[in-house]
1. Could you please let me know if A:Leu337 is surrounded by 15 or more Cβ atoms within 10 Å (Cβ to Cβ), touching a residue at least 12 places away in the same chain (Cβ under 8 Å) and under 20 Å from the mean Cα position of the chain (by Cα)?
2. Can you tell me how many residues in segment A:109-131 are in contact (Cβ under 8 Å) with a residue 60 or more places away in the chain, touching a helix residue (DSSP H, G or I) at 6+ places or on another chain (Cβ under 7 Å) and more than 14 Å from chain B (Cβ to nearest Cβ)?
3. Given (1) more than 7 Å from chain A (Cβ to nearest Cβ); (2) not in a helix (DSSP H, G or I), where does B:Ala25 come up short, assuming only one miss?
4. Which one is farthest from A:Ala299 (Cα to Cα) among residues in segment A:250-285 that are more than 10 Å from every other protein chain (Cβ to nearest Cβ) and modelled with pLDDT under 90?
5. Answer yes if at least one residue in segment A:89-103 is surrounded by fewer than 24 Cβ atoms within 10 Å (Cβ to Cβ), more than 27 Å from A:Ala411 (Cβ to Cβ) and either among the aromatic types (Phe, Trp, Tyr) or within 14 Å of chain B (Cβ to nearest Cβ) (or both), and no otherwise.
6. Based on this model, can you work out whether A:Ala138 counts as more than 13 Å from A:Leu304 (Cβ to Cβ), surrounded by 16 or more Cβ atoms within 10 Å (Cβ to Cβ) and within 14 Å of chain B (Cβ to nearest Cβ)?
7. Provide a single number: the residues in segment A:430-447 that are within 22 Å of A:Lys469 (Cα to Cα) and either among the charged types (D, E, K, R) or not assigned by TED's automatic domain parsing to the domain that holds A:Thr404 (or both).
8. If a residue must be touching a Phe, Trp or Tyr at 6+ places or on another chain (Cβ under 8 Å) and facing chain A (nearest Cβ under 8 Å), how many such residues does segment B:32-46 contain?
Amino acid sequence: MTLLRAVAAWPGPALAATMIGAVAAGAAAAPTLVLAVAVAPLLAVVQPPRAPAARHPITLAIAVAVAALLLWAHLAVLADAAALLGARRWHACVLAAALALLATLMPNADRWRSMAVALGAAALLLVLIAAGAALERAPWAAWRDAAARPALVFSGGSPWVNAGEGFVRSTTLAFHEGHRVVAVTPGTFRIVETDGERPVVRDWRLAAGDALSVRPGDTLTAEPGSRLRFEPGKRIPGAPPSGAAWADAAPRASSPHALALVVTVALGACALVPSVARPVSVGSAITLAIAAGGASWGAYATLLAPEAGLAGSPVEAVLSLSRAAALPRHASWPAALTGLVVIGLLGLFVAAADALRQPIAEAGGTRWPGVWSAVVVGAAAAAAVPSVAPWTPLAAGLALAGATVAAPRLAGADGARIASWPASAAGGLIGAAVFVGMTAFGARLPGPLAALREAPVLAAAPAAWLIVKVLRRETAAAR
Amino acid sequence: MAERGRRIAVVVLVVLLAVPPLATALPGSPASVRVAGITLLWWYVACAGPLAAVIVIALVRAVR
């Protein structure tokens with residue numbers, strides 16, 4: 001795999017959509033995430049060239065678990081996009097999984113895989129340029145204008161106001177002013193009223209066209225597949241109240257959470273992006289493109305569609321740029337931009353799948369095609385279920401990769417052994433055990449240690465690193 | 001020399017990555033100061049930080 005493909009494949013559709021969604025929503029962690037996604041691959045690139053993954057059942061199991069979690073996240077983003085565009089989730093999962101299997105199992109398809117990355121990146125770049133041209137603003141001007149908005153409200157042209165939009169997964173909206181929402185399709189909605197000291201829970205079964213009045217302070221929970229219509233000019237529930245609040249959310253982020261995010265992404269990159277011994281100008285250019293592109297896309301998205309994210313998926317912000325095509329004086333064909341976004345996401349997905357296949361091929365020996373196919377099919381089945389947001393398997397996959405692959409490697413596991421095991425397998429096993437233990441029982445830990453449940457990599461990676469560092473013995477060949 | 005350069009690059013990249021989380025903890029919120037309408041934090045994240053990382057990598061490669 002070339003460096004261009006390795007670095008370009010790193011974010012994949014899941015990390016790219018999460019990053020853009022976070023910027024558009026004004027999430028406190030957005031700047032940290034953008035910088036980590038952009039710079040972390042360079043941290044991996046400067047590592048010494050690594051040995052191929054050891055052929056050991058533990059190494060193979062770790063590669064399978066990491067690939068399954070990350071493919072699940074990538075496919076969930078594609079399935080969310082399909083749901084938002086009116087298709088069925090499983091259609092997108094089957095199509096994308098078939099494409100990934102075709103591109104990764106077909107012999108002599110190396111050129112096609114490189115083309116997939118180039119095509120995906122070019123399509124997304126084209127959409128970004130088209131949105132900038134339609135808005136007649138450079139990204140920094142879009143950011144400045146977005147930060148100057150007095151309030152984040154539903155515009156008259158928003159699909160949430162006109163035909164109504166559907167929720168991708170169960171979503172709870174917090175209202176800061178009174179709203180009258182209309183059910184577009186029949187559904188059950190839970191309203192929690194905070195009148196007085198005790199919250200009052202009411203479940204409303206609405207038919208198509210029925211309206212529901214919500215008061216300030218109430219929350220509304222919508223089930224996946226249900227559709228709602230909002231009033232134009234009203235504040236967007238759950239969004240920052242104003243442009244200034246959107247712009248100033250990041251400097252108020254919690255430092256421990258941001259540091260945990262940096263560690264998760266950086267170690268994930270060290271595990272997934274290969275190091276190289278030759279010039280890295282292409283990788284550097286991609287780093288700059290990820291940072292500038294992600295921030296620009298998010299700024300354009302929040303200006304065009306401040307309600308992007310209401311549906312419960314970060315991919316709504318990615319797709320929202322196609323609305324630029326419908327702006328007055330630039331009326332063109334929004335479907336063309338939507339198509340380009342979908343091509344871009346599919347291209348990134350094929351590249352990411354190819355990168356995830358590599359460790360399974362190294363550790364699995366001759367049986368890797370069967371194992372890889374099972375991983376893709378399993379991930380597609382999991383992604384077809386809408387209840388889990390892409391961030392959950394994405395964060396778990398990056399953290400597991402960091403704790404079980406990157407940490408032992410940073411401790412010098414390549415070519416070393418612990419007793420009769422390859423050191424990478426022994427360190428990976430310890431990292432995986434601590435990771436699973438922290439995830440399952442972290443909440444029972446006392447005081448501040450309970451926070452490790454949110455970022456188990458902070459305990460699992462040092463454990464794996466320490467075991468390898470203390471117990472490893474160089475093999476004769478390595479010496 | 002190559003190993004030393006690599007270690008320096010790793011340390012500098014880690015410091016660059018740690019700037020946003022640490023900047024939010026500083027008193028007076030210097031990260032939210034606006035320059036040309038955009039907060040310093042976003043200038044750093046979208047431009048200065050990645051550019052500095054790329055320059056560090058280029059310097060380390062050139063020294064090798």
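1. In short, no.
2. So the answer is 13.
3. The number of the failed condition is (1).
4. My answer is A:Val276.
5. Scanning segment A:89-103 turns up at least one residue that is surrounded by fewer than 24 Cβ atoms within 10 Å (Cβ to Cβ), more than 27 Å from A:Ala411 (Cβ to Cβ) and either among the aromatic types (Phe, Trp, Tyr) or within 14 Å of chain B (Cβ to nearest Cβ) (or both).
6. Numbers: more than 13 Å from A:Leu304 (Cβ to Cβ): yes; surrounded by 16 or more Cβ atoms within 10 Å (Cβ to Cβ): no; within 14 Å of chain B (Cβ to nearest Cβ): yes.
It is false that A:Ala138 is more than 13 Å from A:Leu304 (Cβ to Cβ), surrounded by 16 or more Cβ atoms within 10 Å (Cβ to Cβ) and within 14 Å of chain B (Cβ to nearest Cβ).
7. 0
8. Count: 4.
The values are calculated or read from the model by the stated rules, or taken from the named source; none is laboratory data. Note that the structure is a prediction, hence the values are computed from the model and not measured. Cβ: placed from backbone, ideal geometry, glycine included. Neighbour counts: every protein chain shown.
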